[in-house]
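Student: If you scroll down you'll find the structure; I have some questions about it.
Just so it is clear, none of the values below were taken in a lab; they were calculated from the coordinates. The model shown is predicted, which means the values in this text are computed figures rather than measured ones. FYI the Cβ positions are ideal-geometry reconstructions off the backbone, even for glycines, and counts take in every protein chain you see.
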Amino acid sequence: MKNTKPKKSELAFERKNFWKDAPPVEQKEAMDYAVDYKEFLNQAKTEREVTAWAEKLLKKHKFADIHSKAGASKVYSIFRGKTMAVAILGSEPLSKGFNMVAAHIDSPRLDLKQNPLYEDSNTKLACMRTHYYGGIKKYQWVSTPLSLHGVIVKQDGSVLNISIGEKDNEPVFIIPDLLPHLAAKEQYSKNLNDAIDASKLNVVFSGMVQPSGEEKKAAKAFALQALNKAYGITEADFLSAELQLVPAVKARDAGIDSSMVVGYGQDDRVCAYTALTALIANQSQKPERTMIVYLSDKEEVGSNGATGAHSVFVQDFVADLMAYKGEDNSSANLRKAFINSYILSADVCAAVNPNYPNVHEIENAVILNYGIGVSKFTGPRGKYGCNDADAEFSAQVLNTFTAAGVFWQTGELGKVDEGGGGTIAYILANLGGHVIDCGVGILGMHSLYELSSKADIYSTYKGYKVFLANK
């Protein structure tokens, strides 16, 4: 009788390094995949820009707006310019469930205040007041080149899209830091969080003054005149505008081997990009279960509001899909659709930083180059506010990845009681779906220049692709 007892090497689990164990052809695919990803990061630095970029890509691949065309099998919907959902319709009724990958497309940034422009009385410089958005380290935003993005709705109702500082011939903006020679009392005597006061995150906007000298606030007057000349706007137009300051630096390869990507907004646009491209890669299939990618806004500030994951948009989209397919989209049937659904909450993981390994428990942490990171639960302290995926669905996802040759690993966000963070997983789980967190490991999360591995980006794309198509 043949001995079928497993070998010792088969009893223990050991994650695999992509660059060591992946075939050369797959390693090349990982490097190639990152080329367009970097360009996406450069073109889409706000949630509005992401949805505009995505719609252009979807139209290229013959996806139709669900409200404009009947009979299409590939549809999408954009809500208020900041959140969207995309689907490839399956043959089964949606009430039997769907496969969804849900990411968020907002990132930490500095927003201009409603009444931002003022003239500094000491220096006669025109400055702009800001209010930070999301969890940032304030000291990172000083003395770094910033670009201005957003939307201005002018008093005549016309809409003006703003992007200043991305092109080489455009000016950038700076929040000047205090020189170290004079920082002893103002900064060095304070803790890190308080060294940069949020009220002092004011950007120098303009340096010239009205030449006539008649204006009491000549610097502010010059700035307003320059804005009116260039964009036809007045100070009152700022009151309703959405204007954001983001890093002006481009996404680039990182490391001597170019195996990594450094760039702003990878939390969580890396998951949005991999999810969307994974769905498009599945477009030639005729799936049984409907495949959906949901890109939400406002995750960094609690997922509230009309465009956040707490809103009714995603439920409304699924209801529209059901009606589009001729199905009953009553409240009861819509609930069944979510209860029978399989969902990946596609958000980045905190990868182990080689300079600060002590905040992690290495055996339960994500490490760069070992593939897509799967987090059974998130939340600080006692798993506060988490989803905590069940064993059955966790095993289903991991087995799906293994069968498809996807490099994967598991991890959580830091040691117990070290800190923690949340995602939109619990919001979708509250609707009854099977949900687990699953995304790219990031170094320097929420910083201006986040670092990711091309191996992990590609593994995440491959993982989302096989999950969406899974029966």
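Student: Quick check: the angle from helix 266-281's long axis to the longest principal axis of the chain, C-alpha only, nearest 10 degrees?
Tutor: 50
Student: Now for a separate question. With +1 on each Lys and Arg Cβ and -1 on each Asp and Glu Cβ, how big is the dipole of the chain about its Cα centre, in debye rounded to the nearest 20?
Tutor: Roughly 740 debye for the chain.
Student: While we're here: Counting only Cα, what are the radius of gyration and maximum Cα-Cα distance Dmax of region 1-73, in Å?
Tutor: 22.2, 66
Student: Also, I was wondering about something else. For region 140-291, what number results from the quotient of the Cα radius of gyration and 2.2 N^0.38 Å?
Tutor: My calculation over the Cα atoms of region 140-291 gives 1.45.
Student: On to the next question. Could you quote the convex hull projected area for region 288-430, Cα atoms only and averaged over all directions, in nm²?
Tutor: Average of the hull's projected areas for region 288-430 equals 10.1 nm².
Student: Bin by bin, in steps of 5 Å, what percent of the Cα pairs in region 359-471 do you find, going until the bin that has the longest distance?
Tutor: 2, 12, 20, 24, 22, 14, 5, 1
Student: From the residues 121, 205, 249, which one has its Cα farthest along the dipole of the chain in the positive direction, the dipole being from +1 and -1 charges on Cβ of Lys/Arg and Asp/Glu about the Cα centre?
Tutor: Result: 249, furthest along the dipole toward the positive end.
Student: Now for a different question. Enumerate by residue number the trypsin sites (Lys or Arg not before Pro) in region 161-270 meeting two conditions: DSSP loop (anything except H, G, I, E, B), and at most 10 other Cβ atoms within 10 Å of the site's Cβ.
Tutor: Taking region 161-270 and a limit of 10 other Cβ atoms within 10 Å, the loop trypsin sites (Lys or Arg not before Pro) found are 167, 216.
Student: For region 109-247, what's the relative contact order in percent, using C-alpha pairs closer than 8 Å and at least 6 residues apart?
Tutor: 37
Student: Send over the per residue convex hull volume for the chain, Cα only, as a whole number of Å³.
Tutor: Convex hull of Cα atoms, per residue: 183 Å³.
Student: State which entries of 20/56; 28/250; 56/298; 138/185; 60/250 exceed 29 angstrom in Cα-Cα distance in the structure shown.
Tutor: Result: 20/56 exceed 29 Å.
Student: Here's something else I'd like to know. Give me the one-decimal nm value for the distance between modelled label points at residue 142 and residue 316, 7 Å along each residue's Cα-to-Cβ direction.
Tutor: 4.3
Student: Taking the highest mean first, how do the peptides 103-111, 116-124 order by number of other beta carbon atoms within 10 angstrom per residue?
Tutor: Per-residue Cβ counts within 10 Å, averaged per peptide and sorted highest first, yield 103-111, 116-124.
Student: Continuing with the same structure: How long are the semi-axes of the equivalent ellipsoid of region 107-199, taking √(5λ) for every eigenvalue λ of the Cα gyration tensor, in whole Å from largest down?
Tutor: 28, 15, 14
Student: Further, regarding this structure: Enter the Cα centre distance for the pair region 129-168 and region 54-69, rounded to the nearest angstrom.
Tutor: One Cα centre to the other: 28 Å.
Student: If you don't mind, another one. Please report the net charge: other residues with Cβ closer than 9 Å to the Cβ of residue 112, K and R +1, D and E -1.
Tutor: Net local charge, residue 112 excluded: 0.
Student: Okay, next question. Please give the peptides 413-426, 443-456 ranked by average Cβ packing (other Cβ atoms within 10 Å per residue), highest first, as a rough proxy for protection.
Tutor: 443-456, 413-426
Student: I'd like the per residue volume of the convex hull spanned by the Cα atoms of region 29-176, given in cubic angstrom.
Tutor: So the per-residue hull volume is 208 Å³.
Student: Now, a different point. Expressed as a rounded percentage, what relative contact order does the chain have, with Cα pairs under 8 Å and six or more residues apart?
Tutor: Reported as a whole number, the value is 22 percent.
Student: If you fit an axis through the alpha-carbon atoms of helix 313-324 and take the longest principal axis of the Cα set of the chain, what angle between them do you get, 0 to 90°, nearest 10?
Tutor: Helix 313-324 and the main axis of the chain meet at about 50 degrees.
Student: Ignoring everything except DSSP H segments at least 4 long, calculate the 222 nm mean residue ellipticity for the chain; use -39,500 (n - 2.57) per segment, divide by total residues, nearest 500.
Tutor: -8000 deg cm²/dmol
Student: Write down the percent of antiparallel bridges among all DSSP beta bridges whose residues are both part of the chain, to the nearest 5.
Tutor: So the antiparallel bridges in the chain amount to around 65 percent.
Student: Most exposed first by the Cβ proxy, i.e. fewest other Cβ within 10 Å, how do 271, 127 rank?
Tutor: Ordered from fewest to most neighbouring Cβ atoms within 10 Å, 271, 127 come out as 127, 271.
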